[in-house]
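Undergrad: Have a look at this one.
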Amino acid sequence: MTSSKTIVLRSSDGATFEVDEAVALHSLMIKHRIETGGADSTTIDVPEVTGNTLSKVIEYCKKHVEAPNSDDLKSFDTDFVKVDQAVLCHLAKASYYMNIKGLLDLSSKTIADMFKGKTVEQIRETFHIKNDFTPEEEEELRKENSWNLFV
Amino acid sequence: MTSLGHRSTEIPLHESLMLEVIARLPVKSIIYWKCACKKWRDLISDPYFVQLQLFASRGSLLIYERNSDIKDGNPESLIWVDIIPHEADKYRLDFIKTLNSLHVKVMSYGTLQVGSVNGWICYAHPAGIFYLLNPVLKGNMFLPEPQLNLNMLSSGFGVSTVGEYKVIRICYRKLSNEPGYKIEIEVYTLGVNRWKRLGQTRYNLISLSQEVESGVFVNGHVYWIINRRIYDFDLNSETFLLIPSPLRPGKSQALDKVLGVVKGRLSWISWCGVRLEVWVMKEGSWCKEIAIEGGHANPCLKLLVTCKPSCVIDGSHGTSILIFHDHLRKKVVAYCLDTKKFLNLNLHGGCFEAIKGYRPSFVKLWNF
């Protein structure tokens, strides 16, 4: 059995997680920290991510690093994002901050699918956006995007 | 900060992350976001987002249909559909729009799609008329008239590694006093606003027996199969090179062959009614990815007996889907190269001229 270096990741709320270095390197942010941090960087702080989310992120990285060619990777991913909206958003934020491309892609796509059918009014309502266009600007936009109306 | 969700469980998502999400929306939804307020209009118009969306763009399909009823003056129409995984082996095709209502002129009889790059589609009419169109931005232009007044064997459309969009014409003329043909190449570079004659090439790019499909663009090169050989046009150096085909000479006689792009690599697909082979070019040499014999081992392959391979399109989750087309029986069959399963595309039998993969983008090639 080869001995592999382990890294400790510490979340915003002080929870610590020991992971194989290879798994931790799946996050390009951690990779960068390790490469620039010097020889004794065995504990990495991840202050933007809570313990609950970090634990899930690690689960994702483990699966993708240890079994990247497994047949059930796609179903793993599909099930991984079957979580409630809050958890999904935390995962997306964490993947963005920790620079984990696959997880960012997966979580962003899932969030996009959740509201892709919305019209302009519904977008404004759901995301509490105020319409600050002047009537002239609105008309300009309508003309520019008039092809939408053909469907 | 943009808040997602009901007031009780609001999770603020910062703008950069929202842009990642919006980039993965269907094009219509992205346009709706642009109309939401000034901030989002500006963020989405920004080159940063355009690049982001280009790489995250969801694959869709362009379906060229021939209408048997031509009363409305348009014998052909182009239907743009979104390809959405439905269940395990089923895809749902969501109609986005019909493009003939936008540009009636383009769809005149005989117009063919040359190719699409970064959301831009290039069309060619045999009379030498070329047209560039981005259906998302409603940007479009006719190219200037080509210089060579010769028959066109084929054309191609691509972008060089330094970002120059180019259209290539391979032309020929029968020599009057001797056997053979004169082949001449012409290239149009966007921004230069005229065609440039490249003269002759050392290769005999002529095919008498079959029509030559438009070139396939991959990574700064455009490739053609002409007379069972593969020719590689480098968009940077603007030169042709003959590259070896995966099959031994002589073996490729009765095969239907088509070039496609599988996961960003040039691929060669051949089908002879009983055997399907898919080769992918990796680091300069061909690797056989798939070889399937029909018959008892794979009885489902008999679905393809009367079909020809048409193109490769991107499915969901990074899969590649091979489209087979039987013009006569108006049948379209889709085969996933990754799961090795036939897919139900729920395409109603119609008179399809062609089906092409397409990735929409907001890339502007010039200011309009």
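The values are calculated or read from the model by the stated rules, or taken from the named source; none is laboratory data. The structure displayed is predicted, hence computed values, not measured ones. Ideal geometry is used to build each Cβ from the backbone, glycine not excepted, and the neighbour counts take in all protein chains shown. Areas reflect the complete protein model, heavy atoms only, side chains present, ligands, DNA and RNA absent. Shrake-Rupley method; radii C 1.70, N 1.55, O 1.52, S 1.80 Å.
Undergrad: If Lys and Arg each add +1 and Asp and Glu each add -1, what is the summed charge of the other residues whose beta carbon sits under 9 Å from the beta carbon of B:CYS37? Write down the numbers at each step before the final one.
TA: Details: positive: A:ARG124, A:LYS130, B:LYS38, B:LYS39, B:ARG41; negative: A:ASP132.
In short, +4.
Undergrad: Pick from A:GLY117, A:GLY37, A:GLY14: which is most flexible by mean-square fluctuation in a GNM of chain A where alpha carbon atoms under 10 Å apart are linked?
TA: A:GLY117
Undergrad: Using modelled backbone amide H atoms (1.01 Å from N, in-plane), which distant-in-sequence or interchain residues come within less than 5 Å of B:LYS341's amide H?
TA: B:CYS336
Undergrad: Just for the protein assembly as shown, what percent of DSSP beta bridges are antiparallel, to the closest 5? It would help to have the intermediate numbers written out before the result.
TA: Details: 113 of 118 bridges.
Of the beta bridges lying entirely in the protein assembly as shown, close to 95 percent run antiparallel.
Undergrad: In whole Å, how far is the Cα centre of segment A:101-131 from that of segment B:212-227?
TA: For segment A:101-131 versus segment B:212-227, the Cα centre distance is 38 Å.
Undergrad: Check cross-link reach from A:LYS56 to the aspartates and glutamates: straight Cα distance under 13 Å, and skip same-chain residues fewer than eight apart.
TA: Excluding near neighbours in sequence, the set is A:ASP77, A:ASP79.
Undergrad: While we're here: Could you work out the relative contact order of chain A? I mean the mean sequence separation of Cα pairs under 8 Å and 6+ apart, divided by the number of residues, in percent. Numbers along the way, then the final one.
TA: Working: 132 pairs, mean separation 29.9, N = 151.
Result for chain A is 20 percent.
Undergrad: In a Debye calculation with equal point scatterers on the alpha-carbon sites of the protein assembly as shown and no solvent, what is log10 I(q)/I(0) at q = 0.09, 0.11, 0.12 Å⁻¹?
TA: At q = 0.09, 0.11, 0.12 Å⁻¹ the computed log10 ratios are -0.76, -1.09, -1.25.
Undergrad: Taking the Cα centre of each part, how many Å lie between segment A:3-67 and segment B:26-42?
TA: About 36 Å separates the Cα centre of segment A:3-67 from the one of segment B:26-42.
Undergrad: With an 8 Å cut-off on Cα pairs and a minimum separation of 6 or more residues, tell me the relative contact order of segment B:181-330 in percent.
TA: Working: 253 pairs, mean separation 18.3, N = 150.
Value for segment B:181-330: 12 percent.
Undergrad: Which cross-chain or sequence-distant (5 or more) residues have an amide H under 5 Å from the amide H of B:SER154, H modelled 1.01 Å from N in plane?
TA: B:ILE170
Undergrad: Going Cα to Cα from B:LYS282, which aspartates and glutamates come in below 18 Å? Please leave out same-chain ones fewer than 8 positions away.
TA: Filter leaves B:ASP232, B:ASP234, B:ASP338.
Undergrad: Amide H neighbours of B:TYR181 under 5 Å, counting only residues 5+ apart in sequence or on other chains, H built in-plane at 1.01 Å?
TA: Under 5 Å from the amide H of B:TYR181: B:LEU175.
Undergrad: With a 1.4 Å probe and all protein chains kept in place, how much accessible area does A:PHE76 have, in Å² rounded to the nearest 10?
TA: 40 Å²
Undergrad: Project the alpha carbons of segment B:277-368 onto their principal axes and report the range along each, largest first, in whole Å.
TA: Here the spans come out as 58, 39, 22 Å, largest first.
Undergrad: Specify the residue with the greatest mean-square fluctuation among A:GLU18, A:GLU66, A:GLU121, computed from a Gaussian network of chain A linking alpha-carbon atoms under 10 Å apart.
TA: For chain A, modelled as a Gaussian network with Cα springs under 10 Å, the answer is A:GLU121.
Undergrad: If the viscosity is 1.002 mPa s and the temperature 20 °C, what translational diffusion coefficient in µm²/s does Stokes-Einstein give for segment B:150-231 when Rh comes from Kirkwood over Cα pairs?
TA: Details: Rh = 13.4 Å.
The calculation lands on 159 µm²/s.
Undergrad: Further, regarding this structure: Given that compact globular proteins tend to follow 2.2 N^0.38 Å, what is the ratio of the alpha-carbon Rg of segment B:180-302 to that value? Could you put the intermediate results ahead of the total?
TA: On the way: Rg = 16.6 Å, N = 123, 2.2 N^0.38 = 13.7 Å.
Here the answer is 1.21, to two decimals.
Undergrad: For chain A, with a Gaussian network of springs between Cα atoms less than 10 Å apart, report the residue from A:LYS118, A:LYS62, A:LYS31 with the top mean-square fluctuation.
TA: Greatest mean-square fluctuation among the candidates belongs to A:LYS118.
Undergrad: So what's Rg/Rh here for segment A:47-129, counting alpha carbon atoms and using the Kirkwood radius for Rh? If you can, show how the numbers build up before the last one.
TA: Working: Rg = 14.2 Å, Rh = 13.8 Å.
Reported Rg/Rh, Kirkwood definition of Rh: 1.03.
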